[in-house]
Amino acid sequence: SSPSIRFAFVLTRDFERDGNQSQAQSQENGGAFTMGFTNSSYFTGNIEYQSLADTGSYWLLTVSEINVQGSSISLSSSKNAAIDTGTTLIGGPSTDVANIYAQIPGSQAGSGNYEGYYYYPCSTDVAVSIAFGGSSWTISSADFKVTQLSSSQCLGAVFERAASHGGAPPAR
């Protein structure tokens, strides 16, 4: 059997990016990384442990479901997700990304500098969740919005990975 390693990331929202600096609390220092122990001051409830997919490269978890606006999305290819704390975005195969945005009324594929990304109406409260194992993790509507491009159009955080990286896993 594989060795068991405990590690956790605590990430805070970028209030400066969101223009909500007044919501930032003094203890929000950008996040924390713990390894080898559990820091109960950062969570409530139970911990669900996940086995990593054995690929020899990334911290990969198997996605069991993606839900958008109340609809389950079927994934077209590999269901492994690379856990990468170096980005706030989520990249995926173009078919899967198109299926996600198909559930968000008024969304459309970007072009030019935004090719591979999607726009959606800023007035839409986007509800996305991703399940790994038995638990589903909600992405807040505030975190789904990368930026507001115009008075009505926002840029979504899920993008076509193949558009800029040839579909290959991220470089290590």
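The values are calculated or read from the model by the stated rules, or taken from the named source; none is laboratory data. No experiment lies behind these values; they were computed from the predicted model shown. Cβ placement follows ideal geometry from the backbone for every residue including glycine, while neighbour counts extend to all protein chains displayed. These accessible areas exclude ligands, DNA and RNA; they are computed on the full protein's heavy atoms, side chains included. Shrake-Rupley method; radii C 1.70, N 1.55, O 1.52, S 1.80 Å.
Between the amide H of residue 63 and those of 80, 81, distances stay under 5 Å, these residues lying 5 or more places away or on another chain, with hydrogens modeled in the peptide plane. The local environment of residue 103, defined by Cβ-Cβ distances under 14 Å, has a net charge of -3 under the rule Lys, Arg +1 and Asp, Glu -1.
When a 1.4 Å probe is rolled over the protein heavy atoms, the share of accessible surface on the range 69-130 that falls to carbon and sulfur comes to 45 percent. Accessible area per residue was computed with a 1.4 Å probe on protein heavy atoms; residue 155 scores about 10 Å².
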